[in-house]
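Enquirer: Please see the structure below; I have some questions.
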Amino acid sequence: MEECVFCKIASGELKSEKILESDNFFAIKDINPKTKGHSLVVSKRHYQTLLDMPSSLLGEFLEMGKKLAIKLIDEEKAEGFNLIMNNYEVAGQIVPHVHMHVLPRKKGDVAPGLP
Ligand code: AMP
Ligand code: ZN
């Protein structure tokens, strides 16, 4: 997928600090954070949506989300977090490459579009 921004990050063509990595996923900071620390779990291989990703990777995907949430709660002194995944354009997916948002939350913070 030559035009895919997350494939370019996965291959190293586009520089982005990988804050966590597993066999099939990595985590990066979101370039346009909705809360302080907002980060993404991204698949190393290109799958458009959750429905295209093999179910054998689901455990590793969620495990990375959990590890990232623990790391961000610690770093940001957060009290909670949102896990969000947008699938297909109609649901707000802008980058058509599997990713999960992890948004650390604090009392009184403002996260556009979220409770
Ligand atoms: P969505 O496809 O709507 O679930 O969200 C895509 C997310 O990727 C947005 O929150 C963007 O800010 C983020 N994003 C887009 N390009 C980059 C990039 N090069 N590095 C980090 N985050 C990015
Ligand atoms: Zn891709």
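Enquirer: Being within 11 Å of ligand 1 (Cβ to nearest atom), aliphatic (A, V, I, L, M), without any contact (Cβ under 8 Å) to a residue 60 or more places away in the chain and in contact with a Lys or Arg (Cβ under 7 Å, 6 or more places away or on another chain) is the requirement here; does I94 meet it? Working first, answer last.
Expert: On the way: within 11 Å of ligand 1 (Cβ to nearest atom): yes; aliphatic (A, V, I, L, M): yes; without any contact (Cβ under 8 Å) to a residue 60 or more places away in the chain: yes; in contact with a Lys or Arg (Cβ under 7 Å, 6 or more places away or on another chain): no.
Answer is no for this residue.
Enquirer: For the range 44-96, which positions are in a helix (DSSP H, G or I) and farther than 19 Å from D30 by Cβ? Can you show your working first?
Expert: Restricting attention to the range 44-96, the residues satisfying the condition of being in a helix (DSSP H, G or I) are 50-52, 55-76, 89-91.
If the condition is that a residue be in a helix (DSSP H, G or I) and farther than 19 Å from D30 by Cβ, then L51, D52, S55, S56, L57, L58, G59, E60, E63, V90 are the ones that fit.
Enquirer: So which residues in the range 8-50 are aliphatic (A, V, I, L, M) and within 15 Å of ligand 2 (Cβ to nearest atom)? Show your work before the answer.
Expert: Here is the first cut: in the range 8-50, the ones aliphatic (A, V, I, L, M) are 9-10, 14, 19-20, 27-28, 31, 40-42, 50.
Scanning the range 8-50 gives I9, A10, L14, I28, L40, V41, V42, L50.
Enquirer: Any chance you could count how many residues in the range 97-108 are open to solvent by less than 50 Å² (accessible area, probe 1.4 Å) and away from ligand 1 (no atom under 12 Å from the Cβ)? Full working, then the answer.
Expert: If we filter the range 97-108 for residues that are open to solvent by less than 50 Å² (accessible area, probe 1.4 Å), which is where we start, we get 97-105.
Keeping just the survivors that are away from ligand 1 (no atom under 12 Å from the Cβ) gives 104-105.
So the answer is 2.
Enquirer: As an exercise: evaluate V5 against (1) within 16 Å of ligand 2 (Cβ to nearest atom); (2) free of Cβ contacts under 8 Å to residues at least 40 places away in the same chain and give the number of the one condition it does not meet.
Expert: Of the numbered conditions (1) within 16 Å of ligand 2 (Cβ to nearest atom); (2) free of Cβ contacts under 8 Å to residues at least 40 places away in the same chain, the odd one out for V5 is (2).
Enquirer: A further question on this structure: Return a yes/no flag: does the range 42-60 have any residue that is open to solvent by less than 10 Å² (accessible area, probe 1.4 Å), at pLDDT 95 or above, under 13 Å from V102 (Cα atoms) and within 11 Å of ligand 1 (Cβ to nearest atom).
Expert: Yes, the range 42-60 contains at least one residue that is open to solvent by less than 10 Å² (accessible area, probe 1.4 Å), at pLDDT 95 or above, under 13 Å from V102 (Cα atoms) and within 11 Å of ligand 1 (Cβ to nearest atom).
Enquirer: So, one more: Within the range 1-40, can you find the residues that are within 12 Å of ligand 1 (Cβ to nearest atom), open to solvent by 30 Å² or more (accessible area, probe 1.4 Å) and not in a loop (DSSP other than H, G, I, E, B)?
Expert: V5, K8, A10, K29
The values are calculated or read from the model by the stated rules, or taken from the named source; none is laboratory data. Because the structure is a prediction, the values reported are computed rather than measured. When we count neighbours, we look across all protein chains shown, and the Cβ atoms used for this are built from the backbone with ideal geometry, even at glycine. For accessibility, only protein heavy atoms count, side chains too; no ligands or nucleic acids. Shrake-Rupley method; radii C 1.70, N 1.55, O 1.52, S 1.80 Å.
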